[in-house]
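Accompanying notes for the structure given below.
Each reported figure results from applying straightforward, stated rules to the coordinates on display, with no laboratory input. Since we're looking at a predicted model, the values are computed, not measured. Here Cβ is always computed from backbone atoms with ideal geometry, including for glycine, and neighbour counts include all displayed protein chains.
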Amino acid sequence: MGRSVYDNRELSWLKFNERVLEEAQDRRVPLLERLNFAAIFQSNLDEFFMVRVGSLYDQMLVSPKKKDSKTKMTAKQQLSAIFDKVNELEPMKDIAYKNIMLELMDHDVEQINFRSATTKEREFLENYFKKEIKPLISPLIIDKKTPFPFLKNKEIYCVLQLQSKSGIRLGLIPASGQFSRIITLDGKKRFILAEDLILHFAPLVFKNYKIIDKTLIRVTRNADITVEEGLYDHDIDFREVMEEICKKRKKLQPVRLQLSENFSQPALEFLCKKLTLDMEHIFYLKTPLDLSFAGSISDMLDVPALKFDKISPQKSESISENQSITSQIKRRDILLSYPYESIKPFIELLNESAKDPKVTDIKITLYRLAKNSQIIEALCNAAENGKNVFVLVELRARFDEENNIGWSRRLQDAGCTVIYGPRELKVHSKLLLITRNNGKKKEYITQIGTGNYNEKTSTLYTDLSLMTANQEIGEDAEGLFSALSENRLVEEADHLLIAPLALRNPIIEMIDEEIIRAKNDEPAYVAAKINSLCDKVLIDKLIEASQAGVKVDLVIRGICCLKAGIEGFTENITVTSIVGRYLEHSRIYIFGTKERCRIYISSADYMTRNTIRRVEVAAPVYNERIRKRLWTMFEILLNDNTKARKQLPDGTYIYKTNDKPPVDAQRYFIEEAYKKAERKAAAKAKAKSRKK
């Protein structure tokens, strides 16, 4: 099979981040939201360098001949291609930011430098620097006798070439500290960034030197660290191991150096030598090195027209307010669609269960949680009320390790049984099992989600949450929790698909069934809504399905290592990506045509890490009403011709446009949720008036 059918994972991710950047360029998007998308683009790129570039850097040193299984590129070749693409994207971001700031000037918001300040403003800024900033900074002079200081990850520093009678030296001033980064002028909306002010007034810091050259720098460090030593030592608390891992991460090898301006070649070479970086790791930016202040600008300018309209998650039409959520789930399955519907019914289920005398056990897997988590409080209350609360906390959730360490201690202190998961496998499943003792028999209430148990992200990410009283699904969930508590893996289940041993093969078998149908000239269909596709086994199976005549529709937000529309290989496959107001995060698998399809929701993407290297769960949807709803949702996503992009055979993406009426899937679901809530409120008011 030709390599042209595959795309490289890293380059495909950069194409996704380019689609994020397009939102910053799109004048249909409110102005302050465009600024936010520019900040998201930069934040995404930071994490990409910390994790993916860091991993490739390690691979280049340890296994330089190892090649990507799909595109056959070595780590060095991938890094070179990454740097080329980033050097193409950064100027696009610079232009987008410049245009946004120019438009903000129409609303009296202006980022200035010292040269563009008025005389009065200059006096204020000099006084501000001397009183509020200078006492808090710790400048350094670096020479042959001085050890090169440790530069913190993603922190901004002023670097200066200094000349004195004894020669040329390097000056360094940390530009992040206890002072405000945004300095507003005279209560107005004009502002200057602290690092720019420090760079301007550096002569006041290094009074005995002549400043020859100066720039701002920002180092990005590798954050791809492996949990090894101490992980399986039963005499050591795994939380202590993870705390040490978090400390080590902050000191890992630099993988990128960003500069705000050109700097003298000798000084640059000196920096690269001390940071052990090559010149290709250097990137020049014409925008601020860190755009995380975008939220502050949004707060500064309270103009609703420049932001997305305020949307609140609505009450689900399928839930009655005057009945217990448990009794409603026992009557029929309930599906919640975030952020269009509220997460409150799920939290209500936990709170009810914490008090319900018939509930004996609550078991749950936790990956990422909100800061002030109501889910944690409900679990703690349940334990304190005498329930057996079993919680698997995934301490290895990247960049949430420290939060999860804290939550694990809080749960344990409340009396919950806390475990951390099997060896070498993250537990990424979103699973809750409530066991009720109803006289002579056990009753199960099971919840399966596509996203985290996180109240904050439930208003920002699109996700699905299925709550069911199907006892056989409950038994499968009980089997998984038993396996997790015994540090073993589930090899098979009757209803749930459970990675790493019993998810990918069933998916392949269901695709195979569609291939057989296509070969028999029967209607055949496979579809999926996922975040990423890079599992080569599944990619090759989808290509085989396309070659057999199976129609395949994929809605993939991010990485897609398959190229659609290539004659003889993928001509029956379409790939759609939607990047909009909300982060598309839900996963839906569909096998078969509308009349006979099997539909699953899942926490797993079609990535090798999800299908065979993590504990993941996909749940079948048996309720016909919910099945129809999910099918309709998928159709609407496919019909989006406003925020959707389609993938071309060369792997690039263009906006999906046609002559049909405009469809914005996320806007459609917002309006649908509001209409349903209004209908429900009207029906409630009508029923109330009848009683009177």
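Things to note:
- For the chain, the longest principal axis of the alpha carbon atoms and the long axis of helix 401-413 meet at an angle near 50°.
- On the principal axes of its alpha carbon atoms, region 1-105 extends 52, 30, 17 Å, with the longest extent given first.
- Counting other Cβ atoms within 10 Å as a rough exposure proxy, the listed residues LEU425, LEU503 run LEU425, LEU503 from fewest neighbours to most.
- For the chain, the mean residue ellipticity at 222 nm estimated from helices alone is -12000 deg cm²/dmol, where every DSSP H run of n ≥ 4 contributes -39500 (n - 2.57) and the total is divided by all residues, rounded to the nearest 500.
- If R0 equals 30 Å, the separation of the Cβ atoms of SER116 and GLU280 corresponds to a calculated FRET efficiency of about 0.35.
- Each of the peptides 199-207, 610-618 was scored by the mean count of other Cβ atoms within 10 Å over its residues; in descending order, highest first, they stand as 610-618, 199-207.
- Dipole magnitude (debye, nearest 20) for the chain, charges at Cβ of Lys, Arg, Asp, Glu: 1220
- Pairs spanning more than 22 Å between alpha-carbon atoms, out of LYS165/LYS286; LYS72/LYS274; LYS189/LYS307; LYS355/LYS675: LYS165/LYS286; LYS72/LYS274; LYS355/LYS675.
- Straight-line cross-link reach from LYS442 at under 15 Å between alpha-carbon atoms covers these aspartates and glutamates, not counting any fewer than eight positions away in the same chain: ASP356, ASP361, GLU472, GLU475, ASP476, GLU478.
- Each residue of region 277-288 was assigned a 3J(HN,Hα) from its phi angle through the Karplus curve 6.51 cos²θ - 1.76 cosθ + 1.60 (θ = phi - 60°); the sequence is 10, 8, 4, 5, 7, 9, 10, 9, 10, 9, 10, x Hz, with glycine and proline shown as x.
- For the chain, with +1 on Lys and Arg beta carbons and -1 on Asp and Glu, the positive-most of LEU484, GLY167, GLY651 along the dipole: GLY167
- Histogram of C-alpha separations across the chain, 20 Å bin width, %: 16, 46, 32, 6, 0
- The angle between the Cα long axis of helix 75-104 and the main principal axis of the chain comes to about 80°, on a 0 to 90 degree scale.
- Our note on the geometry: Cα centres of region 494-529 and region 68-98, 35 Å apart.
- Nitroxide proxy distance, nm - points 7 Å out along Cα→Cβ at ALA483 and GLN253: 3.7
- 5 angstrom amide H check on ASN8, placed H, neighbours 5+ away: none
- Sequence ranges 215-224, 325-334, ranked by mean other-Cβ count within 10 angstrom, highest first: 215-224, 325-334
- Full extension of the chain between GLN547 and ARG613 yields a length gain of 20.9 nm, computed as 0.36 nm times the residue separation minus the alpha carbon distance.
- Neighbour counts of C-beta atoms inside 10 Å place THR360, THR642, THR118 in the sequence THR118, THR360, THR642, starting with the fewest.
- Note, ³J(HN,Hα) from phi for region 556-563, Karplus 6.51, -1.76, 1.60, rounded to Hz, x at Gly and Pro: 10, 5, x, 5, 9, 8, 10, 9
- Gyration tensor (alpha-carbon) shape descriptor, region 498-664, a/c threshold 1.5: rounded
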